[in-house]
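Comments concern the structure below.
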Amino acid sequence: MAAVRAPKQWSLTTTETITSIEAWENNLKYILSLDHNFASFLTAGATWLKKTNASPLRGFTDDDEDIPQIQRRTAAQKVTHLEMMLGQLANYAPVISRNTIVRNSTSISGVWQAIRQHYGLQSTGSRFLDLANIKAKLDQRPEDLYQCLMSFVEDNLLTAAGGITHHGITPEADEELSPSLENFIVVTWLQLLRPDLPRLVKQRYGTELRCRTLASIKPEISQALDSLLEELRTSEEAKVLRTIHPSFGRPPRIDNRPPASYRPYPTKSKTTYKPRSNKSCALCLQAGRPDYRSHFLSTCQYLPDSDRQFMARARHVTDIEDTQEYEDNHPDDNYPPSQSNCDCDHPINHRSATCRVNITQSPYLHVFYNQHPLRLTIDTGAETNMIKASLAHYIGCPISKSSQLALQADGRTPLSIVGETRLSLSRNGKTLTLEALVVEDLDVDILAGTPFMTCNDIAVRPAKHEIIIAGSDIVPYGSPNSSFKYHVVRYCHVLRAPPTNTTIWPGGFLEVDIPIDFPPDTQLAVEPRVDSTSCQSIKSSHAWPQPGILESVGRKLRLVNCSTEPIFIKKNDHICQARLVTSSSPPQTQVPSSPDLGPPPLPLHTPGYHLEQVSVDPDGIFSPDEKRDTLSLS
């Protein structure tokens, strides 16, 4: 008969969990029980003494004559077999002192308890406080969180052999999971998912909870968990919408009585608080002068004239946007020198100032937060993400308290921090996470630094004016390409609904694609199509969407339902028409005069209300009399 082959045993490491330790114990118990000399020491209740000079035999005695001669063992043999077993156990538990297992142990259960105590997994009175460390993770399923709570409570139930007393009384039997404790587990699970979730569960299952426990309807809650969380999100979005639009949800006024906010009423004199400007002079601060907060660096009397001239020249660079002429004539990143209109008394060296000023546009990225288009200024040198407080309140993002500090670019002046927020942004179907500090004074709306780029795998190529998202999505920034490959320019474009029927609830939005003739990130003037099915059932003054200027992000446009009623959109319906927003004043270009050219021709006499580009009979088809009669009509 072949011998039983023992499974392979592994050694404990410095990092173990309760699951891995239990598997290690069960496997080692099975291996040791295969030896009949060790089996007697592994039974429940088997004990021995510590090995000392007073008890070298550890309390063992020779076997009686009742035991067969072939199975009879002496006390010395028992001690040898015991220490041999404990030595093998110590070899697989190198994290525990060998003397703790071999010389100082008194039972096999004491050895298991010592190992669990070393890893902090032994159930004690303070072990139950670790329940506060269990949190809901972003990538964790709700059922996994519930199983984690249930396993924690089951592992910390009182046992008779645990050695823990309750009000000085040792439990005689192992504690079982009571119905009340199961209810507390379900309540804790709901609170970890969303703080408002227990209130919503009570509202929806109030009738069933009159005759059933909360733990008994837990399977039904799990099935409806997605709808419960979606209802909470919809409620929060409605609150944000009411904050942004104060008239949301109010019935229209029937009479012509002015609202209460416009009626005259006695006012009390109130003192308005005007915040002081954060003046700071870096030159006086470095020199240790006490009046460094009384002026700016540009007005400092200790500033050298050469630096003052440079700052005067730099202040005239107000428009850093790329232009069409700059793209065609200046392919490099430096702006061409411009004429200065400075009214200073001192002369300015244009050449030296221009060489010292090198302006390059910062990378920026357009994204969506719900229905709000946002512009993120990417700063690869910033260690913190920041958002302006006024913008955070406008878009209704959640703001929590924060104990962090943020400094300005000088590294000394602190910023006024309101709190911190976490936003889920989207662009081209990709979700971008932004964890930012909400500050009062910020030059841009949103400053995205290195943490934002690292979290969302974003890279910047300044030479190509490109931003790469997740290694695949390439987003250009800066001015559009000078060459336009589409030769047919339309007056306006019609935007279609998605290929499926859609219902837009109050406060919701509809995302539509814009034509490829438009740039991916641009401003569009939108007006409704009165002949569409979404506008036929309502008055033309309440047509949807309302006329306005919207911003597109990644060739996507989000149309918001600001009314108090849902809007039904049929598939492939013509919902609105859009056109590009252009500047009303084209750039003035000067044509250099040449002595070879003659005097410019005199313009034709046309009335002032006609366009200058319109002329009568440009091809000379009319006769002089017909042309004279046509001009006389005006």
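With the cut-off at 1.5 for a/c, could you classify region 364-476 from its C-alpha gyration tensor as rounded, prolate or oblate?
oblate
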What residues qualify as long-range amide H neighbours of VAL418, i.e. H under 5 Å apart, gap of 5 or more or another chain, H built at 1.01 Å from N? VAL438, VAL439, GLU440
For a quick protection proxy, order the peptides 545-558, 284-297, 190-203 by their average other-Cβ count within 10 Å, most packed first. 545-558, 190-203, 284-297
Rounded to whole Hz, the Karplus (6.51, -1.76, 1.60) HN-Hα couplings of region 145-161, x for glycine and proline: 5, 5, 5, 5, 5, 5, 5, 5, 5, 5, 6, 10, 6, 5, 10, 5, 9
Find how much the distance from LEU57 to ILE549 grows on full extension, using 0.36 nm per residue of separation minus their present alpha carbon separation; answer in nm with one decimal. 167.8 nm
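Of the GluC sites (Glu not before Pro) in region 1-78, which ones lie in a loop per DSSP and count no more than 11 other C-beta atoms within 10 Å? Could you put the intermediate results ahead of the total?
Values: sites: GLU16, GLU22, GLU25, GLU65; in loops: GLU16, GLU65.
Answer in residue order: GLU65.
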A student asked for the Cα radius of gyration and Dmax of region 6-91 in angstrom ought to give 15.4, 49
Whole-Hz ³J(HN,Hα) for each residue in region 382-393, computed from phi via Karplus 6.51 cos²θ - 1.76 cosθ + 1.60 with θ = phi - 60°, x for glycine and proline: what do you get? 7, 8, 9, 8, 9, 9, 5, 5, 5, 5, 4, 6
Counting other C-beta atoms within 10 Å, which of CYS455, CYS562 has the fewest, and how do the rest follow? CYS455, CYS562
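Readers should treat all values here as calculations from the given coordinates under stated rules, not as data from a laboratory. What you see is a predicted model, and the numbers here were worked out from it, not measured in a lab. Cβ coordinates were reconstructed from backbone atoms using ideal geometry, including for glycine residues, and neighbour counts include every protein chain displayed.
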